[in-house]
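Before any comments, here is the structure.
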Amino acid sequence: MKKTLRLILGDQLNSNHSWYSTVADSVTYVMMEIRSETDYTQHHIQKVIGIFAAMQNFANHLKSNNHNLIYLYLNDQQNLQSFSDNLQNLISAHQFTHFEYQLPDEFRVDEDLKQLCNAISISSAAVDSEHFFTSRNELGDFFEGKKTFLMESFYRAMRKKHYVLMDGDKPLNGKWNFDSDNRKKLPKEHKPTSPLVFENDVSAILLEIEKTDIKTIGFVDAKNFVWPINREQSLELLDFFAIECLQLFGSFQDAMTPNEWSLYHSRISFSMNIKMISPKEVIDRVTIEWQKRSHEIEFHQLEGFVRQIIGWREYMRGIYWNQMPDYAQLNYFNNSEKLPSWFWTGETKMNCLKDAINQSLHYGYAHHIQRLMITGNFALLAGVHPDEIDSWYLGIYIDAFEWVQITNTRGMSQFADGGIVGTKPYVSSASYIDKMSNYCGSCYYKKAIKIGDKACPFNSLYWNFYDKNESKLAKNPRIGMMYNVWRKMKPDDKTALLEQADYYLKNSNDL
Ligand code: FAD
Ligand code: DLZ
Ligand code: SF4
């Protein structure tokens, strides 16, 4: 009799997958909590707990639907702590005759599973994970023969192909992109909607992790775990976003303010990335809400959100599969510094960084502009090696999986890919941060000062970055103007700025 073993990875918790539409005695599923995954970077404690809790809930869901399932807990004696060792062991112990897995999202795991399939003597097959709008190679095929990978053209093609926000063959409401209506600062008196948080008791999982020497970062309140850990909670969070946040999502998408950790963001990246909900469900849900309340929800709020999902998210996945494994080695600026130690403690006098890092430690979450224009901006200005930065981002965020983390970090944020993802590096001085946030007013440093004890570090580091990388950037048409300003500056002023930057870089742990 044919006996099939099917592997379910921790980020493949898609209950709508066609695998589960029939129940068969001949099929057994396997899920495993393993050290190869908990230890490939230093993860946030909430990320490890969140994934284990969601895996356990998914396993219970499958079992209650009468599927055969083997679940290897972290501290099970027979757990060999890697996908391939456990799988080989199970295949021989239970005499499986066929092995199947869903295409993993990570290059490393993909390679491991391909190797395993070559090593075992039974037949095997990989199937689609039935989650994304696009297949792995779709972006590569779309840009075949083109010099650049312009997100906007990919996004438009996705809108047309999947008939999202379309009116015949034209974009709904006449324009593809309404970004110019977005990006407002949060007014000082504006009190954002309080985020929906869950109160999951995950203390049993924490206890198991604490029995091991797994190294994690960040904090957790294990009796009140805030993240969704099953499909029902994920859908509840999505509903909350559609009903409470969508109407201001675009407007305040890039806004930052102290002690407000999520503003009008959806916080559904974790649920989506481990596939408890699908991007199609997300787009359908918000579109229905807009149709119901179009008198209240302006179209630009909806379009801005849809672009993140069907545009950026699919685009990053496509870039990943098109560029890996070489992408992980790119270091366009040859940066080599280390991250300051306060990236792991939040203990810095820089208000914007203190806030972004502390909330990352407390929630395993920061929203896009905090990741891009606060932590990422500083790391790039400080010339930190992309490996250091990747590993920090891959660990600290609950939604961090390499396919979407590395493309955002090494690509969009660090420009280490020399312009595959972005057309210019995202760097700024204090003026942009002040424009988009309420951080500067109460900071030890002064946003308008460039030189001296109270000078905001972003100001001198910004010019130092342009000076240091002139040969690589001056010809970029989107940056040329900055070099005109730099060249026109008085030599004494330039020297003072570079000396100030040098002082800050040499003392970065004390900033
Ligand atoms: P919202 O602001 O509500 O956006 C809705 C959804 O759109 C997100 O859930 C996400 O799925 C998608 N999205 C938005 N921006 C992007 C983007 N640039 N790339 C891909 N999808 C996007 N996202 C991750 O999912 N995992 C990561 O590890 C990750 N690392 C990042 C690292 C850096 C340096 C930067 C600049 C961005 C990173 N992002 C990452 C993208 C983005 O910051 C997060 O998707 C977003 O903050 C998640 O929060 P949210 O669900 O509240 O998003
Ligand atoms: C991130 C993660 C962690 C921390 N632990 C596990 C685990 O124990 N078991 C598992 O199957 N998956 C885990 N994951 C998610 C995997 O790293 C992810 O499935 C692969 O990287 C493929 O994207
Ligand atoms: Fe950040 Fe500088 Fe503003 Fe302080 S003054 S919050 S360091 S940008």
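Worth pointing out:
- Within region 336-358, being in contact with a helix residue (DSSP H, G or I) (Cβ under 7 Å, 6 or more places away or on another chain), assigned to a loop (DSSP other than H, G, I, E, B) and within 14 Å of ligand 3 (Cβ to nearest atom) holds for Pro340, Gly346, Thr348, Met350.
- Candidates Lys280, Lys292, Lys215: the one that is modelled with pLDDT of 95 or more, within 16 Å of ligand 2 (Cβ to nearest atom), more than 19 Å from Gln56 (Cβ to Cβ) and surrounded by fewer than 19 Cβ atoms within 10 Å (Cβ to Cβ) is Lys215.
- Flag if Asn459 is away from ligand 2 (no atom under 16 Å from the Cβ), assigned to a helix (DSSP H, G or I), without any contact (Cβ under 8 Å) to a residue 60 or more places away in the chain and of a type in the set (S, T, N, Q): yes
- Qualifying position, being of a type outside the set (Ser, Thr, Tyr) and touching a His at 6+ places or on another chain (Cβ under 7 Å), among Asn60, Asn14: Asn14
- For region 375-402, a tally of residues being within 16 Å of ligand 2 (Cβ to nearest atom), open to solvent by less than 10 Å² (accessible area, probe 1.4 Å), of a type in the set (A, V, I, L, M, F, W, C) and assigned to a helix (DSSP H, G or I) returns 2.
- Leu372 being aliphatic (A, V, I, L, M) and away from ligand 1 (no atom under 11 Å from the Cβ): no
- First in region 154-173 and on the phi > 0 side of the Ramachandran plot, second anywhere and in a helix (DSSP H, G or I) and open to solvent by 10 Å² or more (accessible area, probe 1.4 Å), Cβ under 6 Å, 6 or more apart: Leu165/Leu172; Asn173/Phe299
- Any hit, region 246-267, residues being under 27 Å from Ser135 (Cα atoms), free of Cβ contacts under 8 Å to residues at least 40 places away in the same chain, buried (at least 21 other Cβ atoms within 10 Å of the Cβ) and not aromatic (Phe, Trp, Tyr): yes
- When residues in region 259-298 are screened for being among the acidic types (Asp, Glu) and not in a helix (DSSP H, G or I), 3 of them pass.
- Condition met for Ile369 (surrounded by 22 or more Cβ atoms within 10 Å (Cβ to Cβ), over 28 Å from Ala455 (Cα atoms), of a type in the set (Val, Ile, Thr) and out of contact with any Lys or Arg (no Cβ under 8 Å at 6 or more places or on another chain)): no
- Hey, Gln405 part of a helix (DSSP H, G or I), of a type in the set (S, T, N, Q) and within 16 Å of ligand 2 (Cβ to nearest atom) or not: yes
- Among residues of region 92-147, those that are outside any loop (DSSP other than H, G, I, E, B) and not hydroxyl-bearing (Ser, Thr, Tyr), counted: 27
- Some residue of region 312-320 being at positive phi, crowded, with 24+ Cβ neighbours inside 10 Å and more than 16 Å from ligand 3 (Cβ to nearest atom): no
- Contact map, region 485-511: first residue in contact (Cβ under 8 Å) with a residue 60 or more places away in the chain, second residue open to solvent by 50 Å² or more (accessible area, probe 1.4 Å) and hydroxyl-bearing (Ser, Thr, Tyr), Cβ cut-off under 8 Å, separation 6 or more or different chains; pairs are Asn509/Ser341.
- Of all residues making up region 155-186, the number that are surrounded by fewer than 11 Cβ atoms within 10 Å (Cβ to Cβ) and closer than 21 Å to Asn259 by Cβ: 0
- Qualifying residue in region 204-218 (condition: touching a Lys or Arg at 6+ places or on another chain (Cβ under 8 Å) and not β-branched (Val, Ile, Thr)): no
- Screening region 359-408 for residues that are touching a residue at least 60 places away in the same chain (Cβ under 8 Å) and aromatic (Phe, Trp, Tyr) and picking the one that is nearest to ligand 3 (Cβ to nearest atom) gives Phe378.
- Residues that are of a type in the set (Phe, Trp, Tyr), on the phi < 0 side of the Ramachandran plot and within 16 Å of ligand 1 (Cβ to nearest atom) are absent from region 81-100.
- Subset of region 416-444 that is open to solvent by 10 Å² or more (accessible area, probe 1.4 Å) and aromatic (Phe, Trp, Tyr) - its residue that is farthest from ligand 3 (Cβ to nearest atom): Tyr426
The values are calculated or read from the model by the stated rules, or taken from the named source; none is laboratory data. Keep in mind it's a predicted model, so treat the numbers as computed, not measured. Glycine also receives a Cβ, built like all others from the backbone with ideal geometry; neighbour counts cover every protein chain displayed. When the accessible area is computed, the model is the full protein with side chains, heavy atoms only, and any ligands, DNA or RNA have been set aside. Shrake-Rupley method; radii C 1.70, N 1.55, O 1.52, S 1.80 Å.
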